[in-house]
Amino acid sequence: MSLTEEIRLLHAELAAARKADVQALASKLIESDFSCTRCSKCCRGAFGDNTVAVFPREVRAIMAASGKSWFEVVEPPEGEDYDDRGNLHVFEWVLRRMPDGDCVFLKDGLCTVYEARPHICRTYPFRLDSAAIESYDCEGAGRCPTCSSELVSLAEALIARRIGELEESIALLERFEPFGQGERSDSQYIVVHDSEGTKYVRRSADGHYSFCPGPGAGSG
Ligand code: SF4
């Protein structure tokens with residue numbers, strides 16, 4: 001499928017997501033019998049994959065709420081796509097974690113950026129795939145359902161997430177700069193593709209990240 005066709009389909013999905021019926025979705029969520037127990041396991045590293053992918057606008061919201069810098073909030077995800085200069089290419093960002101795997105914003109079992117937390121955190125353990133609800137393992141499933149106002153809030157958050165994901169994908173593809181496939185090298189450059197375009201990141205020997213002009217403008 002061409003990039004143009006992919007973008008056209010995403011626009012169609014976005015139009016449908018913007019018309020989604022919150023009450024109908026809330027009614028479907030009732031069947032999940034979900035109620036958050038505030039266990040915080042989804043934020044912790046000891047209970048499975050707690051990777052939280054985030055978009056630039058979410059990173060900036062967390063920066064504003066926490067006073068932290070870009071690279072104190074996120075880092076590039078792991079990946080296996082290399083260009084013909086051996087630079088790693090990845091998509092979007094992931095929240096930083098402590099050495100024990102816990103999210104850096106988790107403190108005493110509570111989220112310290114709760115009001116600015118990303119879409120994924122607001123909607124866990126659910127996500128929308130088109131109109132279908134997908135869910136992940138969570139100890140809150142199978143309990144008494146949350147009250148209807150909470151289900152409506154959850155439905156609104158799921159629709160907002162779906163819209164945010166589609167807007168992000170469209171903007172990313174519109175700004176995407178294709179690259180020739182290559183092999184892994186000792187390059188310290190990571191090329192991150194997101195809705196704002198192409199960002200070049202340098203990882204120093206001690207593991208610190210910084211933005212840089214890109215290998216074409218430097219020594220890479
Ligand atoms: S941002 Fe908050 S809710 Fe999300 S994983 Fe981190 S501590 Fe948990």
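Only the coordinates and a few stated rules stand behind these numbers; no lab work does. Note that the structure is predicted; figures quoted are calculated from it, not measured. Glycine gets a Cβ as well: all are built from the backbone with ideal geometry, and neighbour counts include every protein chain shown.
What is the sum of charges around Ala61, taking Lys and Arg as +1, Asp and Glu as -1, for the other residues whose C-beta is under 13 Å from the C-beta of Ala61?
Numbers: positive: Arg57, Arg60, Lys68, Arg117, Arg122; negative: Glu58, Glu115.
Summing Lys and Arg as +1 and Asp and Glu as -1 gives +3.
What's the ranking of 10-17, 119-126 by average number of surrounding C-beta atoms within 10 Å, highest first?
Ranking, from highest mean packing down: 119-126, 10-17.
Count of lysine pairs in the chain with Cα atoms under 26 Å apart, counting only pairs 8 or more residues apart in sequence or on different chains? Show your work: numbers first, answer last.
Details: Lys19/Lys28; Lys28/Lys41; Lys41/Lys68; Lys41/Lys107; Lys68/Lys107; Lys68/Lys199.
Eligible lysine pairs with Cα atoms under 26 Å apart amount to 6.
Convert each backbone phi in region 24-33 into a coupling constant with the Karplus relation 6.51 cos²θ - 1.76 cosθ + 1.60 (shift: θ = phi - 60°), then list the ³J(HN,Hα) values in order as whole Hz, x for Gly and Pro.
Per-residue couplings from phi come out as 5, 5, 4, 5, 5, 5, 4, 5, 7, 6 Hz.
Would you mind counting up the charge near Pro213? Only other residues with Cβ under 12 Å from its Cβ, with Lys and Arg at +1 and Asp and Glu at -1.
Overall, the nearby charge balance is +2.
Using a basic spin-label model with each label point 7 Å from the Cα along Cα→Cβ, how many nm lie between Ser135 and Lys19?
The two pseudo-label positions are separated by 2.8 nm.
Add +1 for every Lys or Arg and -1 for every Asp or Glu among the other residues with Cβ under 15 Å from the Cβ of Gly180, and state the total. Spell out each step's value before the answer.
On the way: positive: Arg85, Arg184; negative: Asp81, Asp83, Asp84, Glu177, Glu183.
In short, -3.
Based only on other Cβ atoms within 10 Å, what is the fewest-to-most ordering of Leu95, Leu3?
Working: Leu95 24, Leu3 11.
The order, fewest Cβ neighbours first, is Leu3, Leu95.
Per q in 0.07 1/Å, what log10 I(q)/I(0) does a Debye calculation on the alpha-carbon atoms of the chain return?
-0.26
Using only Cα atoms, tell me the angle between helix 56-66 and the longest principal axis of the chain; keep it within 0 to 90° and round to the nearest 10.
80 degrees
Please compute the modelled spin-label separation between Asp100 and Cys39, points set 7 Å along Cα→Cβ, answer in nm with one decimal.
Taking the simple label geometry, Cys39 and Asp100 are separated by 1.8 nm.
Under the definition of Cα pairs under 8 Å and six or more residues apart, what whole-number percent is the relative contact order of the chain?
27 percent
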